[in-house]
1. Which aspartates and glutamates does LYS2 reach when only Cα atoms under 12 Å apart count, and residues fewer than 8 places away in its own chain are ignored?
2. For the pair LYS80/GLN63, report the inter-label distance in nm, with labels modelled 7 Å from Cα in the Cβ direction.
3. What's the exposure ranking of ARG48, ARG35, going from fewest to most Cβ atoms within 10 Å?
4. Tell me, what does the Kirkwood hydrodynamic radius of the range 4-101 come to in angstroms if you use every pair of distinct C-alpha atoms?
5. Would you mind getting me the FRET efficiency between ASP9 and ASP102? Use the beta-carbon distance for r and R0 = 30 Å, nearest 0.05.
6. Which are the unpartnered cysteines of the chain, meaning those with no other cysteine Cβ under 4.7 Å from their Cβ?
7. Work out the length of the dipole vector of the range 4-101 about its Cα centre, built from +1 on the beta-carbon of each Lys and Arg and -1 on the beta-carbon of each Asp and Glu, and round it to the nearest 20 debye.
8. So for LEU23, LEU100, LEU64, fewest C-beta neighbours within 10 Å to most, what's the order?
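What follows draws every value from the coordinates through simple rules; no lab data is involved. Because the structure is a prediction, the values reported are computed rather than measured. Don't worry about glycine lacking a Cβ; one is built from the backbone with ideal geometry, like all the others, and counts go over all protein chains shown.
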Amino acid sequence: MKEIELTFDKFEEIVMQSDKPVLVDFWATWCGPCRMLGPVIAQIAEERDDIVVCKVNVDNEPQLAQQFNVMSIPTVIVFKNGMIANKSVGFKPKQQILDLID
């Protein structure tokens, strides 16, 4: 599956109403660590059908970043049943990102 570019308008429908865990990557084009994490997130999206993978560009969607107190990027938040289950700030290797989900 491919990553979903998440917007404020679609957040409720895609994240809060999902019956699967949702991994949300908050990022920006100008952020070096975000660019390093991007391929890792894309790989997870392709390999895992049991989760939904979304990306939020904080420059385009400041409301979402503010709503979840994203102060530094990249920030990865895992939602389960509409609740925050895990959160990670900064670049992390693939296995540490997977550990947030499982």
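1. LYS2 reaches GLU46, GLU47, ASP49.
2. Taking the two extended label points, one gets 2.9 nm.
3. On the way: ARG48 17, ARG35 14.
Ranked by crowding around the Cβ, least crowded first: ARG35, ARG48.
4. Here the Kirkwood hydrodynamic radius works out to 13.1 Å.
5. Details: r = 30 Å, r/R0 = 0.99.
Using R0 = 30 Å, I get an efficiency of 0.50.
6. Result for the chain is CYS54, no neighbouring Cys Cβ within the cutoff.
7. 380
8. Neighbour counts put them in this order, fewest first: LEU100, LEU64, LEU23.
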